[in-house]
Amino acid sequence: MLAWTWGFHLMPPVGLTDWDLNIKLTQLGAIAAFLFLMAGASRLARFNITSNPQPSNPGRPGKKYFVGMPIPAGAGVVAAVVHFQSGVPLDSWYKAIPWLAMVAAVGYLMVSTWRFYSFKDIDFSSRRPFRLIILFGALIAGVWFFSKPVLFGVALLYTFSGVFWRLQWIFRRRKQPPPPTYKEASQTS
């Protein structure tokens, strides 16, 4: 609802010629927001029926990564962008089109098999959590004093981290030689 209302429903028509464009953008925005909702429902369904929810593509299994962007992170991206703009609804079509693309892209990332860091391996009981305490303290202070840019930056950083891990996996996979075929393996032995 936030993505659709803030981005499309409250957008005023600029002129009589833009009325059709405004209606089309509102309809496309409703479709993108619904796809975001369906991606969240599909992600929950996949999580509930999967016996081994480990990433199939990234190489290092474990609880260190989520398969796809978590739903709270996807919602956080939408909320961070709205907060960054001070809650003032979009007022032009050239701002609404990137918003449409972002809502659809975040919905796709939620149902993708791309890996996103889970933060489950952070150990607060270690003997030297000093750096971690300083990092979290700085993050909390940044959110307290500069909430708009810090939350926006954290949301974008987390979103692009999943894209980065996927691209890194693709390029690493291309550099590796293909495994030998059955025929080649039997001839060498």
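Evaluating Arg166 against the criteria (1) out of contact with any Phe, Trp or Tyr (no Cβ under 7 Å at 6 or more places or on another chain); (2) surrounded by 11 or more Cβ atoms within 10 Å (Cβ to Cβ); (3) modelled with pLDDT under 85 leaves one unmet condition, (1). Scanning region 98-146 for residues that are surrounded by 13 or more Cβ atoms within 10 Å (Cβ to Cβ), of a type outside the set (A, V, I, L, M, F, W, C) and over 24 Å from Val163 (Cα atoms) returns Pro129, Gly142. In region 1-60, of all residues being among the aromatic types (Phe, Trp, Tyr) and under 18 Å from Trp114 (Cβ atoms), the one that is modelled with the lowest pLDDT corresponds to Phe47. For region 21-48, the tally of residues that are of a type in the set (Ser, Thr, Tyr) and under 19 Å from Ala75 (Cβ atoms) stands at 1. Restricting attention to region 84-98, which residues are more than 22 Å from Ser147 (Cα to Cα) and aliphatic (A, V, I, L, M)? If the condition is that a residue be more than 22 Å from Ser147 (Cα to Cα) and aliphatic (A, V, I, L, M), then Ala96, Ile97 are the ones that fit.
Among the residues of region 116-160, what is the count of those that are out of contact with any strand residue (DSSP E or B) (no Cβ under 7 Å at 6 or more places or on another chain) and modelled with pLDDT under 85? Residues in region 116-160 being out of contact with any strand residue (DSSP E or B) (no Cβ under 7 Å at 6 or more places or on another chain) and modelled with pLDDT under 85: 17 in total.
Taking region 89-137 as the range and being of a type in the set (Val, Ile, Thr), without any contact (Cβ under 8 Å) to a residue 40 or more places away in the chain and part of a helix (DSSP H, G or I) as the test, the residues that pass are Ile133, Ile134.
Consider region 61-74 and keep the residues that are outside any loop (DSSP other than H, G, I, E, B) and either touching a strand residue (DSSP E or B) at 6+ places or on another chain (Cβ under 6 Å) or without any contact (Cβ under 8 Å) to a residue 12 or more places away in the chain (or both). The one that is surrounded by the fewest Cβ atoms within 10 Å (Cβ to Cβ) is Pro72.
The values are calculated or read from the model by the stated rules, or taken from the named source; none is laboratory data. As the structure is a computational prediction, the values presented were derived from the model and not from experiment. Don't worry about glycine lacking a Cβ; one is built from the backbone with ideal geometry, like all the others, and counts go over all protein chains shown.
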